[in-house]
Structure formats: C-alpha cells, structure tokens
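Read the structure below first, then the notes.
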Amino acid sequence: MYGTSHVSEESFKVIDEAIEEHDPDVIALELDHIRLNSLLGDDKQDSGSLFAHLIKYFQNRVGAKTGVMPGEEMKYAYDKAVKDGRDVAMVDQDIRVTLQRLNGVRRKEKAKAAFSMILGFLGFGEKFDVSEIPDDEMISDLVEEMKKEFPGLYRVLMEERNQYIVEALKEVDQKSDGDVVAFLGAAHVGKVEEILSEIDNQSTMETKF
C-alpha cells in the first residue's frame, strides 16, 4: 500500500517504482467510478455544496502551483494499469455519499475550516512543500489536528471513508489470486494499514497489501 499526494509530482515516481517492484495483478485506487469518469473527461462531476466547491478551488490553486492537478496521479496509475493489462479496482466511497454526509456537518465547523484553508493559502500557519509527499510524522500531526479541530469533517472525510476503503480492499483481496497494490492519499494509509493489521491478527488469512 502506497501513499500519494494529489498535487505532487513525486507521486508519479512512487507509482512507477511500486508497480515495477511488485508487478501486481490488480491496482486499487482511492477513487470511485464518478470521480474516475470525471478525471477521464467522460463526465463533469458536480462538487455539490459551497464548502465542497471551496475545497476543490484551493486544491486546483495548489495544483496550478505544483503543476500537478488534483487526482492526476490516480489517473496516471489508472492509465498505466490499463496499458499494462492489469485489473483496476475503485476502493473509495461514492462521492455523492460523501457530499451528502458533508451536509450533515455543522456550518460553524465548515466555516472555521474554510477560514483555516484561506489563512493557509495566504501563507499563515505551518508551511510545508506541497510538491512533495509529506513524511509520516507530518501526516500524523495533520490528521490529529484535523480530528481535534474539525471532528465532524474528520469523521466524514477520513474515518468513514477509511472504513469503506478497508472493506473494499478486503473484497479485492478475497477475489484476487495475485498481488494487489493500492494507491491511496497519504493521509489515509496509516489508519487503513492499522485496521487491516488488526483484521489480520484476528484471522488466519493475511491480506496481500
């Protein structure tokens, strides 16, 4: 299982090296079919709420600075898998479900998060190189900060999706006789690996990630 950054050129190198090392039968991606179709240009995704539009706006602004637009590394992995004749599995929750769940988060919390994003984009607060994948310690700190400051958003964007990804990966693992390589956003990897490890410890069957 490999972590990527959705706006980092380093992610392409991670994908190339992982596929070369493992020669997997299946590549699992942190995408759903709607987002994949949007990346492929087959369908224009409706971002839903104002808050979701704001997230997408800032992702696109960061992508414009790094030269890698959000999701481009997942499209790269998908295209590479198709070219090589490998199976591809979409293991993220349907974006429509996630957006619907976001509607249930308190407006005050979303406003606070939006203000925090604006300050971060203007250069206030902790700075890090968005062109590189953050290291494990920084990711852990950022996730813990999100959990503390924005518990509703953390529940919807991280906790619920992590559980969905785990269940989807288990299904992929059970159906595949060969190796599976999963590419997830770096913030998801630690918790997903932790949950899968707990499952392995309770089962005689070891997952192949």
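Nothing in this text is a laboratory measurement; each read-out follows from the coordinates by a stated rule. Computed from a predicted model, the values in this text were never measured in an experiment. All Cβ positions, even for glycine, are placed from backbone atoms using ideal geometry, and neighbour counts span all protein chains on display.
Quick one: H33, H22, fewest Cβ neighbours within 10 Å first, how do they rank?
H33, H22
Using the number of other C-beta atoms within 10 angstrom as an exposure proxy, rank F12, F150, F183 with the fewest first.
In order of increasing Cβ crowding within 10 Å: F12, F150, F183.
Give me, ordered by chain and number, the residues 5 or more places off A89 or on other chains with an amide H under 5 Å from its own placed amide H.
So A89 has HN proximity to I27, A28, L29.
Could you give me the ³J(HN,Hα) list for region 180-189, computed from phi with Karplus coefficients 6.51, -1.76, 1.60 and θ = phi - 60°, whole Hz, x at Gly and Pro?
10, 10, 10, 10, 10, x, 4, 5, 8, 4
If each of Q174 and E194 carries a label point 7 Å out from its Cα toward its Cβ, how far apart are those two points in nm?
2.5 nm
Between V88 and E10, what is the label-to-label distance in nm when each label sits 7 Å out along the Cα-to-Cβ direction?
The two pseudo-label positions are separated by 2.5 nm.
Want the number for E144 to D23: 0.36 nm per residue separation, take away the alpha-carbon distance, what's left?
Taking E144 through D23 to full extension adds about 40.1 nm, to one decimal.
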